[in-house]
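Here the structure is laid out as structure tokens; the discussion comes afterwards.
The values are calculated or read from the model by the stated rules, or taken from the named source; none is laboratory data. Please read all numbers here as calculations on a predicted model, not as lab measurements. Cβ coordinates were reconstructed from backbone atoms using ideal geometry, including for glycine residues, and neighbour counts include every protein chain displayed.
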Amino acid sequence: MAPEWFWKGKRQMTKEEKLEAEKKRIYEISAYERQYASLGNICGIDEVGRGPFAGPVVAGAVILPKDCDILYINDSKKLSAKKREELCEIIKEKAVAWATARVENDRIDEINILQATYEAMREAVKKLEVRPDILLNDAVTIPGIDIRQVPIVKGDAKSISIGAASIIAKVTRDACMKEYDEIYPGYGFASNMGYGTAAHIKALKELGPTPIHRRSFIHKYI
């Protein structure tokens, strides 16, 4: 017969234990926010949509209140669409300030995706109703901004502020691509969000590009 510790390790966590584990995780991913709290307003920055063949790149900027207690914030890719949408509303309601900005496919083709991402991030910061004192960015340092920046690799999973920014950016972009799916049927934009899936590539070859496709991304498929 297995020892008692074996069965304890196998049992399911109770709701109370799961809640406590989540509170602990949120505390851990608020370490950067605690580290820089004395500087003032901390803004998380992230983008969604660097890789797709179609649609805009969208940046999110979020200033959360100090000691933010919103649970389940994480890298948007680790959350279900339903959970992202629920959290997006809570974040917008509780944030000190938030904003999103998008740069369209034509501009991406003109200046390249990296510069377009920077442009979207600058615009998102500019649109905030409260000026940040420090930016926590997902991996990048944004040129052309006179605010202190801290780039954090995989920051959307390590910083609650960046995670919140990734959620509002993702929800915003997904809603945009669902609208485009109705305007340009046949490409599966509502499900692939513009990414280069096999079905999307097949549609490109059969139907040709739409006005929202990034020509610099799809030239070898048309």
Of the residues in region 80-98, those that are surrounded by fewer than 21 Cβ atoms within 10 Å (Cβ to Cβ), under 23 Å from C43 (Cβ atoms) and hydrophobic (A, V, I, L, M, F, W, C) come to I90, V96, A97
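Scan region 89-112 and give yes if some residue there is of a type in the set (G, A, S), more than 22 Å from R50 (Cβ to Cβ) and in contact (Cβ under 8 Å) with a residue 12 or more places away in the chain, otherwise no.
From region 89-112, those of a type in the set (G, A, S) are 95, 97, 99, 101; that's our starting set.
Checking which are more than 22 Å from R50 (Cβ to Cβ) leaves us with 95, 97.
When the remaining residues are screened for being in contact (Cβ under 8 Å) with a residue 12 or more places away in the chain, the result is 95, 97.
For region 89-112, residues of a type in the set (G, A, S), more than 22 Å from R50 (Cβ to Cβ) and in contact (Cβ under 8 Å) with a residue 12 or more places away in the chain: present.
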The helices (runs of 4 or more DSSP H) lying wholly within region 111-201 that contain at least 2 residues that are within 27 Å of A95 (Cα to Cα) and in contact with a Ser or Thr (Cβ under 7 Å, 6 or more places away or on another chain) are 160-183
Cβ-Cβ under 8 Å pairs, at least 6 apart or on other chains, region 192-217 side over 23 Å from N112 (Cβ atoms), far side at pLDDT 95 or above and buried (at least 19 other Cβ atoms within 10 Å of the Cβ)
A199/N192; A203/Y187; L207/Y187
In region 58-102, how many are at positive phi and either in contact with an Asp or Glu (Cβ under 7 Å, 6 or more places away or on another chain) or among the hydrophobic types (A, V, I, L, M, F, W, C) (or both)?
1
